[in-house]
Amino acid sequence: MDNTVISDALALRATASAFDTQRGKLPMPGGPHRSPDVVAVARQISELGKPFTDLGDEVRFRAADQRQASHTTRVITNFAAAVEPAGEVASALGAVAHQLAFLNQTDGLRDQPDASAAREAAVLVIEEALATADAAVHDGSNSLHSASATISSPSDRLQTARSRSATTAPALGSPPPGVTTAVASSSDRFARGR
């Protein structure tokens, strides 16, 4: 396993992006395109299995590596900490699916006063659970993005940026014949100011 600062920062960022993707799929109460339904919510709960597996693998592979780098413990801690918000998202979506199933089951009873009150309560539970899921996935994503930024020091990021640069500015030679020294000096100052 490649456990360089850069590869670990990239792995944290990729996992944060997976959280962002899940957030973009969360149902929105009253939203015309993302209103909650049992099938869509159940599908998203199933999709959460991959981030759980990925988080577990990230921790396990690094913890089992006998040649851990100095930053590896922080990376393991950040991946392990992301399991909690992922669990909160799954739990909240489970509550949404439960309440949606209840609404489907009691659809024919909506005119009865007791059922009407219970259905209104179910809608409130759905809204609260979706807000909880949104906050949890947002927190998990932010935590992973932040960890990615702090794992590598600014000098590491600068060195990586330099290594990715394919071109460098050519060295300035003598001014062409006929160009005065004052013009060449201005050019030199401009090139150095870049």
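Some points to look at:
- Picking from residues in segment 64-90 that are charged (D, E, K, R) and either open to solvent by 40 Å² or more (accessible area, probe 1.4 Å) or modelled with pLDDT of 90 or more (or both), the one that is nearest to Ser152 (Cα to Cα) is Arg74.
- Helices (runs of 4 or more DSSP H) lying entirely in segment 91-194 (those with 2 or more residues that are at pLDDT below 90 and more than 30 Å from Thr77 (Cα to Cα)): 113-151, 181-193
- Count of segment 43-82 residues which are closer than 19 Å to Leu93 by Cα and touching a Leu at 6+ places or on another chain (Cβ under 7 Å): 3
- Helices (runs of 4 or more DSSP H) lying entirely in segment 1-83 (those with 2 or more residues that are under 13 Å from the mean Cα position of the chain (by Cα)): 5-25, 49-64, 72-81
Residue-wise test of (1) surrounded by 13 or more Cβ atoms within 10 Å (Cβ to Cβ); (2) in contact with a helix residue (DSSP H, G or I) (Cβ under 7 Å, 6 or more places away or on another chain); (3) not aliphatic (A, V, I, L, M).
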residue	(1), (2), (3)
Val96	yes, yes, no
Leu100	yes, yes, no
Gln105	no, no, yes
Ala115	yes, yes, no
Ala122	yes, yes, no
Glu128	yes, no, yes
Leu144	yes, yes, no
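The values are calculated or read from the model by the stated rules, or taken from the named source; none is laboratory data. No experiment lies behind these values; they were computed from the predicted model shown. Note that we place each Cβ from the backbone using ideal geometry, even for glycine, and neighbour counts take in every protein chain shown. Just so you know, the surface numbers come from the protein's heavy atoms only, side chains and all, with ligands and any DNA or RNA stripped out. Shrake-Rupley method; radii C 1.70, N 1.55, O 1.52, S 1.80 Å.
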